[in-house]
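The values are calculated or read from the model by the stated rules, or taken from the named source; none is laboratory data. All values derive from a computational prediction rather than experimental measurement. Backbone-built Cβ (ideal geometry, glycine too); neighbour counts: all protein chains shown.
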Amino acid sequence: MQIGVIGDIHGAWDDIDTAFFNAAGYDALLFVGDFARIAHSRPVARRLASLQVPAWAIPGNHDAINLAQLIAEIKNRPLATRWGALGMQRRVARLARDLGSITLGGYSRHRLAPGLGLIIARPHAMGGDRLYFRPYLKRAFGIASLTESRDRLCALIDTAPRDLIVLAHNGPAGLGTTADAPFGCDFDPELGDFGDRDLAEAIAHARATGHRVRAVFAGHMHHQSKHSGEWRQTAARRDETLYINAARVPRIEADGRRRHHIRLQIDAEQCRAETIWTDNTGRIVEHTPIEPNNV
Ligand SMILES: [Fe+2]
Ligand SMILES: [Fe+2]
């Protein structure tokens, strides 16, 4: 089957994209979240609702939030984060409605094809060693720590098919500690690996219990560092798992003449990905096989 994966949109989606994906022949589309440019996801969600392809999405840290709340989360102000979380369940539900037939998941399990499950990981993840949006996660899912988050993901995996794809907003820990690693911290290299520990432990649990995690898709840590201007490695392979950071931001370049996404081809044996660039007439202008580093 062929799966289209779209990284952090951050406002960069228009009817040309919708028309392309409706005609591209994908069996499924996966969205790693961050629809909003900064804090308003609904205009993008309403445009995405015209897609006619089976699709799944995870909310990013810019989705269904308000700006004061996001700043409070970044600055770790417990009182303000609690205040900001008021109404977040309602905002997430509204986003899910706006997305039309796209399934907005989070701590959830789905079926991509016979024998191929999809695990949608912790919503609104922001990396590092902190459970961001804790007041919301506690209310919506009963999750109050990274350990509880890992346990919830493990429980979902335990009843999933052997073969799995994982969709997350931020990627797992363990793929490198440098700023240019797939989920390395670019804004403060001292912080090193900025991947999610709960997700890494859940993937390890999946392997230990006989699952094949075929691919893990995430974003959040944008490809180009805002601080140094350097580009990160965007893919890695460990054992049978292909890890891809899809967050090319902005995903539309050159006045709309270049539009980014990832194409995954997966069958019982193989799992290969390509970077695809399309233009504003819906033609593919570049496709480059992704050669992951073994980690
Ligand atoms: Fe993002
Ligand atoms: Fe993000």
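Going through (1) touching a residue at least 60 places away in the same chain (Cβ under 8 Å); (2) under 19 Å from PRO289 (Cα atoms); (3) within 16 Å of ligand 1 (Cβ to nearest atom) one by one, GLN233 falls short only on (3). Among the residues of the stretch 16-52, those identified as over 19 Å from ARG248 (Cα atoms) and touching a helix residue (DSSP H, G or I) at 6+ places or on another chain (Cβ under 7 Å) are ARG42, ARG46, ARG47, ALA49, SER50, LEU51, GLN52. TRP56 meets each of the listed conditions (1) touching a helix residue (DSSP H, G or I) at 6+ places or on another chain (Cβ under 7 Å); (2) touching a residue at least 60 places away in the same chain (Cβ under 8 Å) apart from (1). Scan the stretch 174-187 and tell me whether some residue there is within 16 Å of ligand 1 (Cβ to nearest atom), more than 15 Å from the chain's Cα centre (by Cα) and hydroxyl-bearing (Ser, Thr, Tyr). Checked against the condition, which is being within 16 Å of ligand 1 (Cβ to nearest atom), more than 15 Å from the chain's Cα centre (by Cα) and hydroxyl-bearing (Ser, Thr, Tyr), the stretch 174-187 yields no hits at all.
Residues in the stretch 52-66 that are more than 11 Å from ligand 2 (Cβ to nearest atom), hydrophobic (A, V, I, L, M, F, W, C) and in contact with a strand residue (DSSP E or B) (Cβ under 7 Å, 6 or more places away or on another chain): VAL53, ALA55, TRP56, ALA57.
The criterion of at least 2 residues that are within 16 Å of ligand 2 (Cβ to nearest atom) and either over 19 Å from the mean Cα position of the chain (by Cα) or surrounded by 15 or more Cβ atoms within 10 Å (Cβ to Cβ) (or both) is met, among strands (runs of 3 or more DSSP E) falling completely within the stretch 200-273, by 212-219, 241-245.
Kindly establish whether ILE102 is farther than 23 Å from ARG207 by Cβ, touching a residue at least 60 places away in the same chain (Cβ under 8 Å) and in contact with a strand residue (DSSP E or B) (Cβ under 6 Å, 6 or more places away or on another chain).
Numbers: farther than 23 Å from ARG207 by Cβ: yes; touching a residue at least 60 places away in the same chain (Cβ under 8 Å): yes; in contact with a strand residue (DSSP E or B) (Cβ under 6 Å, 6 or more places away or on another chain): yes.
Answer is yes for this residue.
What number of residues within the stretch 25-62 satisfy the criterion of being surrounded by fewer than 18 Cβ atoms within 10 Å (Cβ to Cβ), charged (D, E, K, R) and within 12 Å of ligand 1 (Cβ to nearest atom)? Total meeting the criteria: 1.
No other residue among HIS62, HIS110 is part of a loop (DSSP other than H, G, I, E, B) and either farther than 27 Å from ILE290 by Cα or modelled with pLDDT of 95 or more (or both) apart from HIS62. Among the residues of the stretch 186-199, those that are under 16 Å from ILE244 (Cα atoms) and either in contact (Cβ under 8 Å) with a residue 24 or more places away in the chain or aliphatic (A, V, I, L, M) (or both) comprise PHE194, GLY195, ASP196, LEU199. When the stretch 142-175 is filtered for residues that are touching a helix residue (DSSP H, G or I) at 6+ places or on another chain (Cβ under 7 Å) and free of Cβ contacts under 8 Å to residues at least 40 places away in the same chain, the ones remaining, listed by number, are ILE143, ALA144, ALA173. As a summary of the residue check, TYR107 satisfies the conditions (1) in contact with a Phe, Trp or Tyr (Cβ under 6 Å, 6 or more places away or on another chain); (2) within 16 Å of ALA45 (Cα to Cα) except for the one numbered (2).
Select, from ALA49, ALA80, ALA24, ALA39, the only residue that is farther than 19 Å from GLY100 by Cα, away from ligand 2 (no atom under 16 Å from the Cβ), touching an Asp or Glu at 6+ places or on another chain (Cβ under 9 Å) and touching a residue at least 12 places away in the same chain (Cβ under 8 Å).
Just a single option satisfies the conditions, and that option is ALA80.
Filtered by the rule that a residue be more than 16 Å from ligand 2 (Cβ to nearest atom) and either assigned to a strand (DSSP E or B) or touching a helix residue (DSSP H, G or I) at 6+ places or on another chain (Cβ under 7 Å) (or both), the stretch 177-197 gives ALA179, ASP193, ARG197.
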